[in-house]
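Please treat every number below as a calculation from the coordinates, not as lab data. Because the structure is a prediction, the values reported are computed rather than measured. Note: ideal-geometry Cβ built from the backbone for every residue, glycine included; neighbour counts use all protein chains shown.
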Amino acid sequence: MDSKEINCIRAFADQVQIYNCKQQLKDAQNSFANLAQVLDLAGNEVRLKILYLLKHENELCPCDISDILEMSLPAVSQHLRKLKDANLIQFRKVGQTIFYSLKSNHLFVIEPLLQHIKQPELAI
């Protein structure tokens with residue numbers, strides 16, 4: 001048998017189980033769409049770094065992010081716009097400066113991802 005080929009032979013289909021599973025997926029469709037969008041955006045290394053920085057610093061301006069990531073301000077702004085459009089971050093203005101921070105509504109998804117970022121242990 002070819003390992004790429006999948007065969008399924010069943011004696012009987014549990015129609016109640018199939019219906020219940022379909023209903024669960026249908027009921028949670030918006031949650032699946034929102035989670036997929038968050039994971040898609042966080043799947044980009046630069047945006048993941050921005051989310052990480054905002055989580056640990058609480059808020060940063062685009063110039064700070066640009067300096068930290070050693071990227072141009074327009075490039076950073078494009079990533080911030082995508083995160084803002086997805087409702088992952090928010091901003092506040094102080095004079096002419098804009099400060100970005102994480103919105104709390106998606107922290108439950110982002111925090112577990114960021115826990116996988118390994119930090120070197122500091123010598124004391």
Among ASP27, ASP40, which is acidic (Asp, Glu) and within 17 Å of LEU83 (Cα to Cα)? ASP40
For region 11-26, does any single residue satisfy the condition of being in contact with a helix residue (DSSP H, G or I) (Cβ under 9 Å, 6 or more places away or on another chain), polar (S, T, N, Q) and free of Cβ contacts under 8 Å to residues at least 24 places away in the same chain? no
The helices (runs of 4 or more DSSP H) lying wholly within region 1-70 that contain at least 1 residues that are closer than 13 Å to TYR100 by Cβ are 45-57, 62-69
Which residues, taken from region 46-92, are under 18 Å from ILE117 (Cα atoms), surrounded by 17 or more Cβ atoms within 10 Å (Cβ to Cβ) and touching a His at 6+ places or on another chain (Cβ under 8 Å)? ARG47, ILE50
If the requirement is being in contact with a strand residue (DSSP E or B) (Cβ under 6 Å, 6 or more places away or on another chain), in a strand (DSSP E or B), in contact (Cβ under 8 Å) with a residue 12 or more places away in the chain and farther than 22 Å from ALA33 by Cα, which of these qualifies: PHE91, PHE99? PHE99
